[in-house]
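Student: Take this structure first; my questions come after.
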Amino acid sequence: MTSPTSRRTVLGAALAAAATTGAVAGAARAAAPAGPAARPAPSRVPLVDTRFWRTYTDWRCGAGDGTRVLPGARPGLVIATPAGRTDYTDPHTGESAAWDYATWTSPVHRSSVPATEVIASWNARTPAGTWLQIELSGAYADGTATPWFVMGRWAGSDGDIRRTSVGGQGDPYSSVWTDTFSVDDPASGIRLVSYRLRLTLYRAPGSRLTPTVWRAGAMASDVPDRFTVPATTPSLARELAVPRYSQNVHIGQYPEYDNGGEAWCSPTSSQMIIEYWGRRPTAEDLAWVRPGLPDPQVCHAARYTYDYEYGGCGNWPFNAAYAATYRDLNAVVTRLGSLADVEKLIAAKIPVITSQSFLEEELTGAGYGTSGHLMTVIGFTAVGDVIANDPASPDNDAVRRVYRRREFENIWLRTKRYDANGQVRSGTGGVCYVYWPERPMPGQRRVLRSLGLL
């Protein structure tokens, strides 16, 4: 089995790295042994479990130390009276500062899926002078427990701390790879059967400001190793009017954020969906961007999703957290089971950002290969092919693409693939971002609930 780090390469779109030309990639692919047949689990066996704390009752059921719950249409967790004060030395600036803090710990959630991977996500507002930390601790099937793993240190701005994942975390069974808790050897039978989340809210000493957390939770999954997945039957022809932005018009801009636009597939995709829902940064927000640059909001998204430990803009939960900084937007990271699930969302007028990696010849019409890339599914043609806003396009006009359904579904849902040298690499197994407004329409609510997102 390949290392989980190879799966994390989807965080930065290394375009054209997996296949320098179609001919070279095709030769390497032909030289590689044929992949084993798909081993899909029976449909009655769930592969994904989600749990999100978001209601007044949810927050009240947790254990707070210095926090309180704000009631209302969108209940939130805030600092009431700090539980204590601590020093934090930012590893990316070297600067130390004191912070007041309060904590909230969720009840134990027993996953319906004994999991090999867990990805947390959260929605919060962090005014200047505040930030938050998200941790996960779980129990394995044999009863042993993990330590508390940091799944992210988040701030909506970058003036107080540098938002960051934390490297070098693990125990005898598992590791944390940027934003993903992952069992090191799933073939061993080790599974995480339950977990808790702990939120620590920070603010400057003496301040009355506070982070507000509206949603926190995780997606736990056990997707089997597979090079191919079963095909689904098309059931929808629909296209959503989603703004089109190319990451490549930003090549060379702000190289301090992962070498510039050539690696900005994730924030570019996020910005498309944020604007689809009618939100966008203000002129004041964009004042830092050099005048004259096209689509400055994409530069803004890159800066404010950037993970200073990972060194890229593709941290999955950081993108969801960025989207949720906009008025009344919810955002989560999850896994879906097939394009049939995406069709449900598109039918409800909810676009989906998918994560995939492929050789050039594996996705007809893409014109590139990639070790990891995010794009936005905005609809389906009459024959069921995927309509995607692909940010890896030369300009905004070229962003809309139509990709063959069978090819797209396979490169997105598989967990194993071959690179251009015939080496086995990892795939994401259906990872995606879903963003939607706080007050969805009844049909949207039904679909979101059916997919475990409400």
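The values are calculated or read from the model by the stated rules, or taken from the named source; none is laboratory data. Being a predicted model, the structure only gives us computed values, none of them experimental. Glycine also receives a Cβ, built like all others from the backbone with ideal geometry; neighbour counts cover every protein chain displayed.
Student: Kindly indicate whether residue 98 is over 20 Å from the mean Cα position of the chain (by Cα) and aliphatic (A, V, I, L, M).
Tutor: yes
Student: Being touching an Asp or Glu at 6+ places or on another chain (Cβ under 6 Å) and assigned by TED's automatic domain parsing to the domain that holds residue 427 narrows it down to one of 395, 328, 385, so name that one.
Tutor: Exactly one of 395, 328, 385 is touching an Asp or Glu at 6+ places or on another chain (Cβ under 6 Å) and assigned by TED's automatic domain parsing to the domain that holds residue 427, namely 328.
Student: Is it the case that segment 275-295 has a residue that's free of Cβ contacts under 8 Å to residues at least 12 places away in the same chain and touching an Asp or Glu at 6+ places or on another chain (Cβ under 6 Å)?
Tutor: For segment 275-295, residues free of Cβ contacts under 8 Å to residues at least 12 places away in the same chain and touching an Asp or Glu at 6+ places or on another chain (Cβ under 6 Å): absent.
Student: So which residues in segment 423-445 are part of a helix (DSSP H, G or I) and either under 19 Å from the mean Cα position of the chain (by Cα) or free of Cβ contacts under 8 Å to residues at least 40 places away in the same chain (or both)?
Tutor: Those that are part of a helix (DSSP H, G or I) and either under 19 Å from the mean Cα position of the chain (by Cα) or free of Cβ contacts under 8 Å to residues at least 40 places away in the same chain (or both): 442, 445.
Conditions (1) in contact with a helix residue (DSSP H, G or I) (Cβ under 7 Å, 6 or more places away or on another chain); (2) at pLDDT below 95; (3) on the phi < 0 side of the Ramachandran plot; (4) surrounded by fewer than 21 Cβ atoms within 10 Å (Cβ to Cβ), marked per residue:
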{"residue": "363", "(1), (2), (3), (4)": "yes, no, yes, no"}
{"residue": "368", "(1), (2), (3), (4)": "yes, no, yes, yes"}
{"residue": "376", "(1), (2), (3), (4)": "yes, no, yes, no"}
{"residue": "384", "(1), (2), (3), (4)": "yes, no, no, yes"}
{"residue": "388", "(1), (2), (3), (4)": "no, no, yes, no"}
{"residue": "393", "(1), (2), (3), (4)": "yes, no, yes, no"}
{"residue": "401", "(1), (2), (3), (4)": "no, no, yes, yes"}
{"residue": "404", "(1), (2), (3), (4)": "no, no, yes, yes"}
{"residue": "407", "(1), (2), (3), (4)": "yes, no, yes, yes"}
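Student: What about residue 116, is it more than 17 Å from residue 203 (Cβ to Cβ), surrounded by 21 or more Cβ atoms within 10 Å (Cβ to Cβ) and either out of contact with any His (no Cβ under 8 Å at 6 or more places or on another chain) or acidic (Asp, Glu) (or both)?
Tutor: yes
Student: Would segment 328-336 turn up any residue that is within 16 Å of the chain's Cα centre (by Cα) and charged (D, E, K, R)? Even if it seems obvious, please write down each step before you answer.
Tutor: Step one: of segment 328-336, the residues within 16 Å of the chain's Cα centre (by Cα) are 329-336.
When the remaining residues are screened for being charged (D, E, K, R), the result is 335.
Yes, the conditions are met somewhere in segment 328-336.
Student: Suppose we filter segment 200-215 for residues that are out of contact with any Leu (no Cβ under 6 Å at 6 or more places or on another chain) and either in a strand (DSSP E or B) or not assigned by TED's automatic domain parsing to the domain that holds residue 79 (or both); how many remain?
Tutor: So the count comes out to 5.
Student: Just the residues that are buried (at least 21 other Cβ atoms within 10 Å of the Cβ) and in contact with a Pro (Cβ under 9 Å, 6 or more places away or on another chain), please, taken from segment 181-213.
Tutor: Scanning segment 181-213 gives 182, 183, 192, 199, 201, 202, 203, 210, 211.
Student: All but one of (1) under 22 Å from the mean Cα position of the chain (by Cα); (2) within 30 Å of residue 141 (Cβ to Cβ) hold for residue 185; which doesn't?
Tutor: (1)
Student: Still on this structure, please answer the following. Here are 119, 134, 161: which of them is farther than 19 Å from residue 65 by Cβ, assigned to a strand (DSSP E or B) and in the same structural domain as residue 178 (by TED's automatic domain parsing)?
Tutor: Matching residue, one of 119, 134, 161: 119.
Student: Identify the residue in segment 44-57 that is under 15 Å from residue 335 (Cβ atoms) and surrounded by fewer than 17 Cβ atoms within 10 Å (Cβ to Cβ) and, among all such residues, is modelled with the lowest pLDDT.
Tutor: Looking at the filtered set, the residue picked out is 45.
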